[in-house]
Structure formats: structure tokens, C-alpha cells
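Right, one structure below, let's go through it.
The values are calculated or read from the model by the stated rules, or taken from the named source; none is laboratory data. Bear in mind that the values here come from a model prediction, so they are computed numbers and not experimental data. Don't worry about glycine lacking a Cβ; one is built from the backbone with ideal geometry, like all the others, and counts go over all protein chains shown. Each accessible area value is taken on the protein alone, full model and side chains, heavy atoms only, with ligands, DNA and RNA left out. Shrake-Rupley method; radii C 1.70, N 1.55, O 1.52, S 1.80 Å.
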Amino acid sequence: MSGQDKIQDKKGHVDGALSLALARELRQLNPEMEPSRDLWPAIERGMAQYVQPTKKRLNWMPYSVAASLLIAVSALVSNVVLMKQQTAPVLVQGTDIFSLDENQVEYLKVRNTLKDQFMETNRMLPLATLDDLNHNIQILEDARIEIESQVRANPQDARLIELLMRIHAQEIELLKQDYSKSGQFM
Amino acid sequence: MSEASVVLGAKARERALVDRAKKNDYNAYEQLYRLHVGCVVALCVRLCKDRDIAEDLAQEAFILAWVKLHSFRGDSAFGSWLYRIATNTALSYLRKQKPFQNSIDIDDTAEESLPDGIAEKMDLEEAIAQLPDGARAVFVLYSLQGYTHDEIAKLLGIAQGSSKAQLHRARKLLRGYINA
């Protein structure tokens, strides 16, 4: 080994030892330093300007109600369209002929009472949700009126009468709901 | 109770405190502050040298963390997230004072030593404080906070090579202190 190599080797050795010493000192370094004053009061004052945003609950219920009702109404409407295209409707026989007026009076009595109850029960819901529910009720009502006019024109069509009964059941089912209990709209 | 279960218990407690703080619970956030203030102050002191300024920066970091708390998803430990905020707060302060150089002129063959008057062996803490700003920031972030050169380069707005060179420079200066 030449003299130059010996010097280099010795220098490397010293550097290595120094690095180890530095690493040892670093490990001994205290990771914490206590502040000279309590910072909390000032932090608390700073925090007071900001309020953590509350996590918005997912308001999925109105949308699912609206979606399911829309699907039901669409199915009913498409059935009506299909029936209009049919050349030979299924007819009700003899004494079973449907009396729309009689049925309508009975139905509207029940329906209107339930609607009043529905509005009363759910009046504490947020305005947007109430609007959404009212919109769904309106969709069903429009569909019912449409089918009623079809039944009036074809009082012996059993399929139209069946559709009307189905939409009555759906409307009643919706109006019986008490969404205020679920707490999901709040 | 094993050490692992103690650590897990502490993490669970901290997570519970974070959850409570997210619901505007000041008491929970104060407990988080008490848990981490020492490390946050140490980080700020080492980055900016001045104790009073460091405490102001630590204070600012805790307020900023409160403001951003809703965005903390818990992917990392709360402490790591908080130290990152404190690091950014301190670096932003330093940047306002004097932008970090994108390239550094260091002649590795040149003899560089600690500034005059500190040739004697001193406390490592003091020696770190005596390092030039760029070298100190890289050394603290790399050797004490565990950042990578890539992360440091992004944080300081310098090239990765500069970060490595600054670290080399800092170690060389600190070895000088040990050798004194």
C-alpha cells in the first residue's frame, strides 16, 4: 500500500467513525422541546374563528322514493300506451262492470284523509324533502287522473281497471308513510 | 400488557380524540395538542432557529391543523399529518425570509467548517442551529423527520441533487463539530 493510499484509508476510517458518532448523537437528541409558554390559550382563540363542518348525512331516501315511484309510474304509463295499441281489449263481463264514479268517491275520501295526515305527520321534515315528496304525490295523482280518463272512456277494460287499482294502492301506500320517525331526512 | 398492545391502545385513543375533535370538541383537541406540542415545537425550533418565532409557528400549525382537521382521513397517524403541516408552516416562513436556493455552490473539496466562535465542541442542538439555512432544513427534514430527498426537493422547491448536496454539506459541518 502506498503512502497516499494509507492516508486515504486512514481518512475514510476517521470519516466512518465520525459518522457513527454523529448518528449516535442524533439518536440521543430529544425529539421534544417544551414551549416556554402555554400556547393553548392563543390556539383556542384562533380555533374559535373556525367551526368544524358537520358531516352532511346522505339524503338518499327522497331520491330512492322518487326513483321507485318514477319507475312504477313509467311502468303504468307504458302499460296504458301498450293497451291503447291493442286491438282487442280484455272486457269485464255482465254484472262486474266497473263503476268509476262510485269507486272514485270512496277512494278520494280515504286518500284525502290520508294526505292530510301525511302532511301533518311529516311537516317537520326539511322543506326540500317535503317538496320532493309532494312532487312524487303529484306524479302519482297525474298518472291516476290519466288512467281514470282512460277507464271512463273504456269502462269495460279489465286491464285499465287493474292499473287504476294498482295506482290507488301505491298512492295509499305512499301517504301512509311516516318519514319523520326514520330521522333520515334530518 | 405487551408493548405492541400499549402502542395500539395509544393509537386507538388518539383516533378517538381526533374523531371527537372533528365534532368541535375543544377538550379533545387540547389533549392532542398536549400530546404533540413538544415534537412540533422541536421541529419548528430546528428549522427556524429562533425559539420565539418557532413557538409562534407551532401555534399557527395547530390552528391550521384544526382548520384542516375535517380533511384528515386517518390514512396516516395524526402526528405525521400534524408534523407535515408544521413543516410546511415553518418552511413557508423561512421562504418568506429568504428563498431557498435552487442550486448550491459547494465545492466538496473546499474545507468548510462551522462559523467562527463555535470551534469548540458544543451541543448537537446548537450545532444544528449554526448550520446554514438550506443545509439545516435538509438535515432536519431528512435525518430527523425521515423525509426522502424527493419529498424534500418538492417541499423546498429545489432539485433532488441539491437536497443531497445540502445533506452532505450539513453532515460534513456537523462531523467538524464532533471532531472539535
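B:Ser80 satisfies every condition listed in (1) more than 9 Å from chain A (Cβ to nearest Cβ); (2) in contact (Cβ under 8 Å) with a residue 60 or more places away in the chain except (2).
In the stretch B:36-60, the residue that is farthest from the other protein chains (Cβ to nearest Cβ) out of those that are more than 12 Å from the chain's Cα centre (by Cα) and in contact (Cβ under 8 Å) with a residue 24 or more places away in the chain is B:Ile53. Of all residues in the stretch B:131-168, those being more than 20 Å from A:Leu29 (Cα to Cα) and among the charged types (D, E, K, R) number 4. Of all residues in the stretch B:58-83, those being open to solvent by 20 Å² or more (accessible area, probe 1.4 Å), assigned to a helix (DSSP H, G or I) and either in contact with a Ser or Thr (Cβ under 8 Å, 6 or more places away or on another chain) or not hydroxyl-bearing (Ser, Thr, Tyr) (or both) number 8.
For the stretch B:137-151, a residue qualifies if it is in a helix (DSSP H, G or I) and either under 11 Å from the mean Cα position of the chain (by Cα) or more than 20 Å from A:Ala23 (Cβ to Cβ) (or both), and the qualifying residues are B:Ala137, B:Val138, B:Phe139, B:Val140, B:Leu141, B:Tyr142, B:Ser143, B:Leu144, B:Asp150, B:Glu151. Against the conditions (1) more than 9 Å from chain A (Cβ to nearest Cβ); (2) under 22 Å from A:Glu34 (Cβ atoms), B:Arg20 satisfies every one except (2).
So, in the stretch B:35-52, how many residues would count as being in a helix (DSSP H, G or I) and open to solvent by 40 Å² or more (accessible area, probe 1.4 Å)?
Selection size over the stretch B:35-52: 3.
When residues in the stretch A:108-165 are screened for being open to solvent by less than 50 Å² (accessible area, probe 1.4 Å) and in a helix (DSSP H, G or I), 23 of them pass. Flag: B:Ile104 does not match the condition of being modelled with pLDDT of 90 or more, surrounded by 13 or more Cβ atoms within 10 Å (Cβ to Cβ) and of a type outside the set (S, T, N, Q). When A:Val92 is evaluated against the numbered criteria (1) open to solvent by less than 40 Å² (accessible area, probe 1.4 Å); (2) at pLDDT 65 or above; (3) more than 14 Å from chain B (Cβ to nearest Cβ), which criterion, by number, is the only one it fails? Checking A:Val92 against (1) open to solvent by less than 40 Å² (accessible area, probe 1.4 Å); (2) at pLDDT 65 or above; (3) more than 14 Å from chain B (Cβ to nearest Cβ), the one that fails is (2).
Being within 18 Å of B:Cys39 (Cβ to Cβ) and either away from chain A (no Cβ under 13 Å) or at pLDDT 95 or above (or both) is the filter here; which residues of the stretch B:141-150 pass it? Selection gives B:Leu141, B:Tyr147. When you look at B:Glu55, is it open to solvent by 60 Å² or more (accessible area, probe 1.4 Å), modelled with pLDDT of 95 or more and in contact with a helix residue (DSSP H, G or I) (Cβ under 7 Å, 6 or more places away or on another chain), yes or no? The answer is no for B:Glu55.
So is B:Arg171 buried (at least 18 other Cβ atoms within 10 Å of the Cβ) and more than 16 Å from the chain's Cα centre (by Cα) or not? Yes; evaluated as a whole, the condition is true for this residue. Does B:Leu32 fit the bill of being under 16 Å from B:Leu144 (Cβ atoms) and either part of a helix (DSSP H, G or I) or within 8 Å of chain A (Cβ to nearest Cβ) (or both)? No; evaluated as a whole, the condition is false for this residue.
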